[in-house]
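First up is the structure itself, then whatever we jot down about it.
What follows draws every value from the coordinates through simple rules; no lab data is involved. Remember, it's a predicted structure, so these values are computed and weren't measured experimentally. No Cβ is skipped: glycine too gets one built from the backbone with ideal geometry, and neighbour counts run over all protein chains shown.
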């Protein structure tokens, strides 16, 4: 994501905002299509689209943060399960 921030930071704010919204929205739409089409990785595109939207939109930033926290909890729980089995 850092390289995307670097490229977008060189653009004027209105252009950056529009590009971020368009690219992020297209990725989310592609992800939704991927949920029903077997060829496209749906969830991956949805998460990437939200991450791109989080560069400019506060609600997407909050959603992205909640998703990361949920993933950390799942990983911690899985680690504790696998530690017990050894």
Inset, instruction - Place the peptides 58-66, 15-23 in order of packing, highest mean first, counting for every residue the other Cβ atoms within 10 Å and averaging per peptide. - result: 15-23, 58-66
Legend entry - Cα-based Rg and Dmax for the chain, where Dmax is the largest Cα-Cα distance (Å): 16.2, 55
Inset, instruction - With a 10 Å radius around each residue's Cβ, average the other Cβ atoms per peptide and rank 27-35, 69-77, highest first. - result: 27-35, 69-77
